[in-house]
Amino acid sequence: MARLDPIPLEKLTEEQRALHDVIAAQRSVGQVRGPFAVLLRTPDIGERVADMVDHMLSETRVPLPLKELAIIVIARHYTAQYEWFIHARRAKQVGLDEAAIEAIRHRRRPELSDAAEIMVYDLTLEILENSKLSDQTYDRAVTAFGEEAMVELVALIGFYIMIAVFLVSFDVDVPDPDAELLSV
């Protein structure tokens, strides 16, 4: 159960309502939910987070399937139910193998055949487990992706770690009561 209830529309301040309307227009569901329902309480932060989400998912060199792979690895690591609910679906939509997604769901190493996917999986997991990258992993990733994409990938990982911690701290609900949740 979420720790913070959604703010009823009629109780939003002018700043909150402005952010609500922008987020609702940007999101495919046309609703403000998940982290944004919580972030309405701080429109200045909410606006920046929304801008960063849009930037990370659409304006970087890292291909979308690799971004979604990193995000679901993070979601699984933190058992961030909402993040998993949204991004496991997106991962499937952008072409990640369903068996790989299920392996990650069950905390197993996925059988990936694409070298870039293997690199993103390994790099993300190493950051999550060690809070840093070894020289070997760093060198492999820079060779594979280049410096600019590497900076973007690590920024994406750090950003979605922040989102995962935010989601689990506020126990943000999954919008589908029938969704299969991650095991703890």
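The values are calculated or read from the model by the stated rules, or taken from the named source; none is laboratory data. Please read all numbers here as calculations on a predicted model, not as lab measurements. Cβ atoms come from the backbone with ideal geometry, glycine included; neighbour counts cover every protein chain shown.
Key figures
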read-out	value
Selection within segment 79-99 - in a helix (DSSP H, G or I), surrounded by 20 or more Cβ atoms within 10 Å (Cβ to Cβ) and small (Gly, Ala, Ser)	ALA88, ALA91
Options GLU68, GLU83, GLU59: the member that is in contact with a Lys or Arg (Cβ under 6 Å, 6 or more places away or on another chain), within 27 Å of MET119 (Cβ to Cβ) and of a type in the set (D, E, K, R)	GLU68
Subset of segment 29-86 [at pLDDT 95 or above and on the phi > 0 side of the Ramachandran plot]	THR79
Residue satisfying all of: in segment 1-28; touching a residue at least 60 places away in the same chain (Cβ under 8 Å) and either over 19 Å from VAL49 (Cα atoms) or in the same structural domain as GLU47 (by TED's automatic domain parsing) (or both); nearest to the chain's Cα centre (by Cα) among these	ALA2
Residue in segment 139-159 that is within 30 Å of LEU4 (Cβ to Cβ), surrounded by fewer than 16 Cβ atoms within 10 Å (Cβ to Cβ) and of a type outside the set (Val, Ile, Thr) present	yes
Matching entry among GLN31, GLN16 (being assigned to a helix (DSSP H, G or I), over 29 Å from VAL142 (Cβ atoms) and of a type in the set (S, T, N, Q))	GLN16
Qualifying residue in segment 158-173 (condition: over 20 Å from ALA50 (Cβ atoms) and outside the structural domain of ARG41 (by TED's automatic domain parsing))	yes
Subset of segment 134-184 [outside any loop (DSSP other than H, G, I, E, B), over 23 Å from ARG61 (Cβ atoms) and of a type in the set (S, T, N, Q)]	SER169
Only listed residue being without any contact (Cβ under 8 Å) to a residue 24 or more places away in the chain, within 17 Å of LEU128 (Cβ to Cβ) and assigned by TED's automatic domain parsing to the domain that holds VAL151, chosen from ALA70, ALA103, ALA80, ALA75	ALA103
One residue from ALA103, ALA25 being assigned to a helix (DSSP H, G or I) and either in contact with a Ser or Thr (Cβ under 8 Å, 6 or more places away or on another chain) or modelled with pLDDT of 95 or more (or both)	ALA103
Answer residue from segment 40-87, given it is small (Gly, Ala, Ser) and closer than 23 Å to LEU12 by Cα and is nearest to the chain's Cα centre (by Cα) among those	ALA50
Selection from segment 114-173 of residues that are of a type in the set (Asp, Glu) and either at pLDDT 95 or above or within 17 Å of GLY46 (Cα to Cα) (or both)	ASP114, GLU117, ASP122, GLU126, GLU129, ASP135, ASP139, GLU147, GLU148, GLU152, ASP171
Subset of segment 52-78 that is touching a helix residue (DSSP H, G or I) at 6+ places or on another chain (Cβ under 8 Å) and not in a helix (DSSP H, G or I) - its residue that is surrounded by the fewest Cβ atoms within 10 Å (Cβ to Cβ)	ARG61
